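The values are calculated or read from the model by the stated rules, or taken from the named source; none is laboratory data. None of these values were measured; they are calculated from a predicted model. Cβ atoms come from the backbone with ideal geometry, glycine included; neighbour counts cover every protein chain shown.
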Amino acid sequence: MDHSTNYSDVLLKYAQYQEAARKVLVPSCRVCKVCNGIACAGRYTNALEFGAKGNNLGFIHAYQALADIRIELDVIHDDYVPDMNIELFGRQFDLPVFASPIAKILTDYTFDSPFFNNNDAYADALIKGAYQAGGMAWLGDNKAEGYFPGQIAPIQEVNGVGVPTIKPWADRAEFDKRVQWCREAGVMAMATDLDAIGLGYQYSGKVGAKNEGVCARNVDELKDFVQAAGVPVVIKGIMSVKAAVKAAETGAYGILISNHGGNVVESSLAPCDVVEEISREVGGALKIFADGGVRSGEDVFKMLALGADAVGIGRPYTVAVYGGGLDGVATYTQKIYWELQNIMRLANCASLVDITREKVIVRR
């Protein structure tokens, strides 16, 4: 991919897209200079706002815990351009960063935007923008008629580069339909977000019940999914070594360490609190993906140093879509690209394998 645009120009362009997003997203999102969860605490999260559960403590802590980690610098070394290329799902990517899955959003207000209540257009911009910049997008799930097929349709246009996330629907027919749709779209991988059982707007229940929604899955059920998918599977919502060990038993390709943006447990640990321990336990058996409070290339570096193989970013990608569509996503991805390359050079990391635990200082 073309990464010739310099960092200053990228920052100026992205600032323009932030301002454009700010004009249409208020009052749902103020597009704060620092997206840390403080200004949106207590907002209407059951209607899929930008905030998180309760008083946003899960969101705030995820951001703050990552921000508190420090990076050790080493600027005396041979000159080089850091190599950030990575192979995942049998594909090559320019950087170990992806847009985290976010499902149907922004339904409480009317926005002057072509992306408002138009999730097909939103997914199209997200998928193609990330792909254009050498990254990839993961997608969310919702039961609304036509939602899921519309989300995944653009993946066919980018050589299958995209990871749809299927909720653990209590109605297995609903779940199985999505698996089949993904196979027909030629996706490179699939995921399932098991922590969706904690979302306040999707109650667990039996098939046919009034509040039918998602339900838990055991190891054997996940093994069935892994075998049926026909492509690599990632299990999302893993926040403990215990859960990671069980995930490894399923034969999954990887796990996504995530607290669902703080939307499922207000008092959750920050993902960066558990990445190192989980990676140490199952890193040889699974790919380790992680998100939660990541806002810069330096944050990506920290997650990689703790043991993640690739890192997800959530809310800022939504701002990028609303502010600049496909080019907004590509520009934001390019911003992260330059920031990660810059900190790698400052910390004397010629390639991703050089980003080791010794490069960061964690003070708790």
Options Val219, Val274: the member that is at pLDDT 95 or above and under 22 Å from Ala310 (Cα atoms): Val274
Unique residue being touching a residue at least 40 places away in the same chain (Cβ under 8 Å), under 22 Å from Glu174 (Cα atoms) and of a type in the set (D, E, K, R) when the list is Asp195, Asp224: Asp195
Residue among Thr318, Thr333 that alone is modelled with pLDDT under 95, not in a strand (DSSP E or B) and not small (Gly, Ala, Ser): Thr318
Subset of the range 17-34 [free of Cβ contacts under 8 Å to residues at least 24 places away in the same chain and not basic (Lys, Arg)]: Val26, Cys32
Residue check for Val265: surrounded by fewer than 19 Cβ atoms within 10 Å (Cβ to Cβ), closer than 22 Å to Tyr63 by Cα and β-branched (Val, Ile, Thr): yes
Within the range 2-58, tally of residues that are over 22 Å from Asp195 (Cα atoms), assigned to a helix (DSSP H, G or I) and modelled with pLDDT under 90: 2
Per-region count, the range 334-364, residues surrounded by 23 or more Cβ atoms within 10 Å (Cβ to Cβ) and closer than 20 Å to Cys32 by Cβ: 1
Residues that are within 18 Å of Gly261 (Cβ to Cβ) and buried (at least 17 other Cβ atoms within 10 Å of the Cβ), drawn from the range 131-150: Ala137, Trp138, Leu139, Gly140, Asp141
Subset of the range 114-147 [assigned to a loop (DSSP other than H, G, I, E, B) and more than 20 Å from Val300 (Cβ to Cβ)]: Pro114, Phe115, Phe116, Asn117, Asn118, Gly140, Asp141, Asn142, Lys143, Ala144, Glu145, Gly146
